[in-house]
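The values are calculated or read from the model by the stated rules, or taken from the named source; none is laboratory data. Given the structure is predicted, the values throughout are model-derived calculations rather than measurements. Note that each Cβ is placed from the backbone with ideal geometry, even for glycine, and that neighbours are counted across all protein chains shown. Side chains are part of the model used for accessible areas, which takes the heavy atoms of the whole protein and leaves out ligands, DNA and RNA. Shrake-Rupley method; radii C 1.70, N 1.55, O 1.52, S 1.80 Å.
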Amino acid sequence: MEVLLKAEDLYKSYKMGPTKVKVLKGANLTVKKGEFAAIIGASGSGKSTLLHILGALDRPDKGIVKFNGQDLNRIPARDLNKFRNKKVGFVFQFYHLLDELNVLENVYLPVMAGTSIPGWFLCRKWAKNRAKELLEQLGLSERAKHKPYQLSGGERQRVAIGRALMNEPVLLLADEPTGNLDSATGNSILEVLESLNKAGQTIVMVTHDERIAKRAGRIVKIIDGEIKGA
Amino acid sequence: MYKITLALKYFLKRKISYFAVLAVTLCVFIVVIVMTVMNGIVGDFKQNNYKVTGDCVVGTSSLVGFAYYEDFIKILEQQKEIAFVAPVIKSFALIRPKGTNTDEALEILGIDPNSYSEATEFGNTLFYNRSSVSDIFKVRSDPNLVGCVPGHSVLKISQTGYSDRTRISRYAYSISCFPLTAKGAPADAGTSMVRTKTFYVNDISRSGLPRIDGSIIYLPFDQVQKLCGMDGPTKRISRIHIKFQPEVKLRKGCEIVRSLWEEYSLQKQTETQAFLLGTVTVQNWKEFRRDSIAPMENEEAELIVMFGFVGLTTVFIVLVVFYMIISHKSKDIGILKSVGASKKDMIELFSIFAFFVGLLSSVIGLFAGWLFLLNINRIEDWLYKKYEFQLWDRAIYAIGDIPNRVNFTILLIIAAAAILACLVGAFFPSWQAARKHPAEILQVNQL
Ligand SMILES: Nc1ncnc2c1ncn2[C@@H]1O[C@H](COP(=O)(O)OP(=O)(O)OP(=O)(O)O)[C@@H](O)[C@H]1O
Ligand SMILES: [Mg+2]
């Protein structure tokens, strides 16, 4: 299978006062198209950090991330925004929906964020329809006009997945998508991800739970800032 | 597009933005009122100065005056740009109200009532003879007596006393002048030094300018000329007031008069009293009344500076409010950036928000200010009756009613300034927030 993502020798550290916390110490990872990979590791092992770097939400101190053969370091900041908008979808543990927008608006937010005002008026109809379709797929048709605070955790996470899928990203990055949910609800979210993967969606998921990781096609471990892959 | 939608939603859903609106509204409200009133006061004041001056003045500040004015007046009257011309004599005199022993030094102005009230708006400042200006010096009870017109605060009686015309005609002044020769020497040296005559109050002038109303007595032109020793074979006056035709621009008109005067004074170079012509200047009304207008303009400038500070306060209020709003919204910034929004987008988002705050505040503030101004005189009357509190001291500002004509240019400027203040106040916090790394924001939120 074709390689979608290749991370080579990633280093990342954070300054915590006088000390420097080294989080990633030469992490390597390859993700192929259509794969469902789970990154597993202890709390604080740098899973989120790695995921953010893979999705160009953060830059590594050293090392290269190649996306479809393109070095993310070489993309200027302005185009990185476009990259995040079009190529990747993020799902976070705490859903991270915008409280002021309703469910439907939250789902089509990436289209609005990626278009100018005239551009938005041209594709508005399409975007709303696509958002409605996604909500239907995710079983949230009835909830389109609701505000995030009116939804349960599982429902919110499904809205977040809808948002991540809105621009048909090549890569879906999920950071402990079930971390805040009970196991039954978490299960339903995993089922959604599984079915997406079956339909060809490449997914990288971060978790600290072995049982959840097993649902993915492939498990990589992050230990001491390095990937000990399987 | 989401920026407008989201900005609008933040604006409507966050209570704190109403505080920002309230604060900015108050600033707008205050600025509108004070600027309108002050602008009105200054405008009225300038207008009053114009009214007592006419368009242009050819004259000297020397007490001796200048000669050969009659031919020059004839020349002026022939100009198609010039509507009216009035010769005036100004001097100082000792004034003793009839029945007292106290003298007061005041200004006397010798005028021909008809020409003077054509060249200036003197006629409109009168209490009784507005429609019959030529009669102001004619004492009705006795044609042999000569009338005078004091400024309303020279005649020290209350306004209610004016209504009784026979009562004011009981007031008279004995006016003493020190006549001077053309060289400035006492004209009557060796005899009595002063020339004295009694004038009977026949009308009262109120120009709205405290300095003029409190220090001038208007007298008949010929009488003053005699009193000051400016009569004789070569008559002298102090100045000529000129009113241009309505369509003539002030600058153009003054230029015409200036060149006429230059030419004329050259012609008269060989005359015996030609030396007096050198002291004569041609001034437009603003230059002529500069001593009186300049302090008022200074005050207006100070006021504008003061309200610059009000604007600065607005900026700070908005800054603080935006810091609070944005610190609550940093999660949203992280989210928006994770779906591809740029730094610029974030600044724009909060700028639009600030624009809404500024716009709504301006609209409310201007409207409230306008309502308040409509009723300002009623409100002030009420305050005065109830608490003896006066917003604008009448003695200082010389106004009857508080001016409340709304100047739409000023309103527009204030609205624009309020919106700008909001944008400036919002810029710094939104720029700071926009710089934040999304990964960090979302990370911190997870902890
Ligand atoms: N912005 C930051 N500033 C300082 N330290 C940070 C920052 N982000 C992460 N860290 C530190 O880096 C380490 C790794 O963080 P990271 O969030 O990647 O771990 P994680 O594996 O996702 O943990 P968890 O399972 O709890 O989510 C932690 O010790 C964390 O405190
Ligand atoms: Mg994490």
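Only one of the numbered conditions (1) among the aliphatic types (A, V, I, L, M); (2) assigned to a loop (DSSP other than H, G, I, E, B); (3) without any contact (Cβ under 8 Å) to a residue 24 or more places away in the chain is not met by B:Met230, and that is (3). Residues in region B:146-197 that are surrounded by 14 or more Cβ atoms within 10 Å (Cβ to Cβ), part of a loop (DSSP other than H, G, I, E, B) and either at pLDDT 90 or above or small (Gly, Ala, Ser) (or both): B:Ser153, B:Ser169, B:Ala182, B:Ala187. All of (1) away from ligand 2 (no atom under 16 Å from the Cβ); (2) under 24 Å from A:Gly63 (Cβ atoms); (3) over 17 Å from the mean Cα position of the chain (by Cα) hold for A:Ile203 with one exception: (3).
Of all positions in region B:68-80, none carries a residue that is in a strand (DSSP E or B), in contact (Cβ under 8 Å) with a residue 40 or more places away in the chain and in the same structural domain as B:Thr234 (by TED's automatic domain parsing).
If the requirement is being more than 16 Å from ligand 2 (Cβ to nearest atom), out of contact with any Lys or Arg (no Cβ under 9 Å at 6 or more places or on another chain) and away from chain B (no Cβ under 14 Å), which of these qualifies: A:Arg163, A:Arg211? That would be A:Arg211, the only listed residue that is more than 16 Å from ligand 2 (Cβ to nearest atom), out of contact with any Lys or Arg (no Cβ under 9 Å at 6 or more places or on another chain) and away from chain B (no Cβ under 14 Å). Quickly run through region A:39-64 and pick out the residues that are among the β-branched types (Val, Ile, Thr) and either away from ligand 2 (no atom under 13 Å from the Cβ) or at pLDDT below 90 (or both). Listed by number, the list holds a single entry, A:Ile64. The single condition among (1) within 16 Å of ligand 1 (Cβ to nearest atom); (2) closer than 30 Å to B:Lys344 by Cβ; (3) open to solvent by 10 Å² or more (accessible area, probe 1.4 Å) that A:Val65 does not satisfy is (3). If you go through region A:83-96, how many residues are more than 17 Å from A:Gly114 (Cα to Cα), buried (at least 24 other Cβ atoms within 10 Å of the Cβ) and more than 7 Å from chain B (Cβ to nearest Cβ)? Adding up the residues that qualify gives 1. Considering the conditions (1) within 18 Å of the chain's Cα centre (by Cα); (2) open to solvent by 20 Å² or more (accessible area, probe 1.4 Å); (3) without any contact (Cβ under 8 Å) to a residue 24 or more places away in the chain, A:Phe121 is excluded by exactly one of them, (1). Restricting B:Val357, B:Val321 to residues that are within 35 Å of the chain's Cα centre (by Cα) and within 30 Å of A:Val107 (Cα to Cα) narrows the list to B:Val357. How many residues are aromatic (Phe, Trp, Tyr) and either surrounded by 13 or more Cβ atoms within 10 Å (Cβ to Cβ) or under 22 Å from the mean Cα position of the chain (by Cα) (or both) when one looks only at region B:365-388? Here the count works out to 3. Residues that are in a helix (DSSP H, G or I) and more than 7 Å from chain B (Cβ to nearest Cβ) were ranked within region A:100-118; the one that is modelled with the lowest pLDDT is A:Pro118. Checked against the criterion of being in contact with a Pro (Cβ under 9 Å, 6 or more places away or on another chain), surrounded by 17 or more Cβ atoms within 10 Å (Cβ to Cβ) and modelled with pLDDT under 90, region B:44-58 has at least one qualifying residue.
Checked against (1) within 16 Å of ligand 2 (Cβ to nearest atom); (2) more than 11 Å from every other protein chain (Cβ to nearest Cβ); (3) touching a Leu at 6+ places or on another chain (Cβ under 9 Å), A:Glu8 passes all but condition (1). The helices (runs of 4 or more DSSP H) found entirely in region B:285-354 that carry 3 or more residues being among the hydroxyl-bearing types (Ser, Thr, Tyr) and either in the same structural domain as B:Lys436 (by TED's automatic domain parsing) or within 16 Å of B:Ala417 (Cβ to Cβ) (or both) are B:290-328. If you go through region A:48-63 one residue at a time, do you hit one that is closer than 27 Å to A:Tyr11 by Cα and more than 14 Å from every other protein chain (Cβ to nearest Cβ)? Yes.
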